[in-house]
Each structure stands twice: as C-alpha cells, then as structure tokens.
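Undergrad: Below is a structure I'd like to ask you about.
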Amino acid sequence: MFIVGSGLSTLETAANPFIATCGPPKYSELRLTLAQAFQAVGTVVAPVLASHVIFTNVDDTSLESVQWVYLGIAIFVFLLAIVFFLVRLPEVTDADLAEQAAQSAADTDFEDRPLRQQHTLFCGVAAQFCYVGAQVAYAGYFINYVAWVRPGTSHATGANLLAGAQGCFAVGRFVASALLRFVKPRLVLLGFLTGVVLGAVLAIVLAGNGGVAAIFLVLFFESCVFPLIFTLSIRGLGRHSKRGASFVVAAVSGGALFPPVLGAVADGLGGNTQKAFFIPLIGFAVALTFPIYLNIFKRKTLDGWTDKVRVGLEPARKDVEDASVDGSEEKGVAATQTEKL
C-alpha cells in the first residue's frame, strides 16, 4: 500500500499542475475542475461495480476475486503508463512559466519574487491541509454519523447513502465547471466553501433526515474546493509553479490527521459522532479564510488573469511575425518564378 500511495501522490503532483498550466491561463481552474469531475464519477461507479458485480459471490475466506481485480488494475495502469511514455506530450519548463507570467505582468501586477515570499501559496497550502483533512474525516465517518442521527440504520443502508452523497459530490463538480465559464473562480470558491461551512453547522444541530440532508449538502459543496484551492494557490508563481504545486499536493496529508482526531473525540463523547463533527467544521472554517483573503487582497491580480490575459487565446506576436516572414518569402519566390516564366 505504501508503494501504491507513493505512485498516486507522484501522479497527483505531475497531473494537476500539467492540467492547470497546459492551456490558456484564463481557464486553468475550469480545466482542473472538469478533469476532477470525471475522477469523482469514478468514485461513485467503482464501489457500485465492486459490490454488485465483482464481489457478489465472495465470502470472508475468499481472496481470489480480489486478487484478480488488483491484477487487472495493475495491468491497465501499466499499459496506460506505456501510452503516456510513447505519446508526445508538451513539456512546460520553468522558463516557459516564467515567460508566461512576465508577459502578463501588465495585467496581473506580477513580480518575480523568491519562493519564500509567495504568501498566497502558503496560505493556500494551509487551507488545503485543513480542507482535505476535514473532507476525509467526513467521508470516513459518514456511515457512523448516519447511524447516530438515524438510529437503527443498517450498515448497508449507510453505504448506499454514502454512494448517493458521492454522487452529489460528482454532480457538484460538473455544476462548478459550468459556473467557472461565467463566474470568477475566487467567487465560486468563496460561495462553495461558505456552503460547506453552513452545511457542516447544520449537520451538527439537526437530527434524523435533516442531518442526513445536511451532510449531503456538505459533499455537494465540497466538490470544487480542492481543484480551486490548488489552481488559485499557484496562480502567477511563474518559475516557482511546479514546486509550489508539489507543496499544495503535499497538503493532502491533512487527511491523515483529522480522522483519528475525530475518532478520538467521538469516543470521548460516548460515540456521539454528530457532536464530534465540530472537528471537521474547524478545518472547513480555516479553509474559508483563504477565499476571503483572495477576494480582499488578491482581487486585482486574479481578475487580471481571468479578464485581461490573452496568452494562449490568440497567436503570440512572435508566431505572427514568423508567419508573416514565411509568407513574404513564399510570395517572393512565387513572383520570381512567374517572372522567369
């Protein structure tokens, strides 16, 4: 599992910044959110396939089906790695990112500063750490919460409700992707994180179906928070973009801290998972300070990237000049050949 985890973290570190940086900067948040929307669909489909197709005739002493599944996944991932090795993907260097940021300086107030002075990045890392920790705590104790607010709920029913909540999570990412086409990313992040905090408060104070509805609401609004914190944290980092992205990915380690703390608090409260959910609420509240900070102090910079920067949306001046030169040379050659005739 350590090897699998290492591979997944490496993939996350490489894929997320690649999606965010390869393309017009104006649509970085939209690209990553939409890509992760399909990943969210996988989190809904995979458990359903596992429970109703793959493991239908498996008992506690049989591992044969599990072994075949893992072997199939390993072969598929290996073949996918070969495909990525053979496909000519564009390479974005630190110099390219620095040049892109410099070209946009007039619209974004970009300054090439040392990494240690990138305060927005480190605020984003802290927000991502707290958010992911709270998100994982919610997912890990979802069934325990449902069993507490709805006494008598079976584990199977709780699992089905979790699948439904994950479906809301996936739908939320597609909704956010559509909103990002028209609404500024900083506002979408602020709105969705506010919804998360309000839903988390309701999950603590409501019982029965009201509490279940509140936790569904939390997962819906959680949907786009990770990709938006990621892309907004590395906005305008220039040559520091790749290293900054690795810091934001490393912040998912918050998912290893919050669940055991939540479990310990719930045990101390006599198994009351509902009251113990104030732990992830704290994480969500801390994460909410990041979009508030962006909307107050980084508004001009972020709006410059989304409203004014035309990099990737129209031909670069150098490309136009080269095309003009090539076109002139071709016309000159054609004219010479005509004169000879």
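Just so you know, all these numbers are worked out from the coordinates, no wet-lab data involved. This is a predicted model, so every value here is computed, not measured. Here Cβ is always computed from backbone atoms with ideal geometry, including for glycine, and neighbour counts include all displayed protein chains.
Undergrad: Determine, for each peptide in 222-233, 25-36, 153-164, the mean count of other beta carbons within 10 angstrom over its residues, then list the peptides with the highest first.
TA: The densest-packed peptide leads the list: 222-233, 25-36, 153-164.
Undergrad: Further question: Under a Cβ-only charge scheme (Lys and Arg +1, Asp and Glu -1), can you give me the dipole magnitude of the range 10-307 about the Cα centre, in debye to the nearest 20?
TA: Dipole of the range 10-307, to the nearest 20 debye: 620 debye.
Undergrad: I've got another one for you. Relative contact order (percent) for the range 10-307, with alpha-carbon contacts under 8 angstrom and 6 or more residues of separation?
TA: Once normalised by length, the contact order is 32 percent.
Undergrad: Cα gyration tensor of the range 181-223, axes a ≥ b ≥ c as square roots of the eigenvalues: rounded (a/c below 1.5), prolate (a/b > b/c) or oblate?
TA: Verdict is prolate for the range 181-223.
Undergrad: A follow-up question, please. Please find the FRET efficiency linking residue 10 to residue 261, where r is the Cβ-Cβ separation and R0 is fixed at 22 Å, and quote it to the nearest 0.05.
TA: Calculated transfer efficiency: 0.20.
Undergrad: Based on the alpha-carbon gyration tensor of the range 10-307 and its eigenvalue square roots a ≥ b ≥ c, which shape applies: rounded if a/c is under 1.5, prolate if not and a/b is larger than b/c, or oblate?
TA: oblate
Undergrad: Also, I was wondering about something else. With a ≥ b ≥ c the root eigenvalues of the C-alpha gyration tensor of the range 78-236, is it rounded (a/c under 1.5), prolate (a/b larger than b/c) or oblate?
TA: Judged from the Cα gyration tensor, the range 78-236 comes out prolate (a/c at least 1.5, a/b above b/c).
Undergrad: Give me the distance in nm between label points sitting 7 Å out from Cα along the Cα-to-Cβ direction at residue 79 and residue 119, one decimal.
TA: 5.2
Undergrad: Assuming a viscosity of 0.692 mPa s and a temperature of 37 °C, what translational diffusion coefficient in µm² per second does Stokes-Einstein assign to the range 105-172, Rh being the Kirkwood radius over Cα pairs?
TA: Approximately 214 µm²/s, per Stokes-Einstein.
Undergrad: What is the distance, in nm, between label points placed 7 Å from the Cα along the Cα-to-Cβ direction at residue 303 and at residue 178?
TA: The answer from the label model is 2.7 nm.
Undergrad: Going down the table (242/275; 275/300; 26/242), which pairs top 29 Å between alpha carbons?
TA: In this structure, 242/275; 275/300 lie more than 29 Å apart at Cα.
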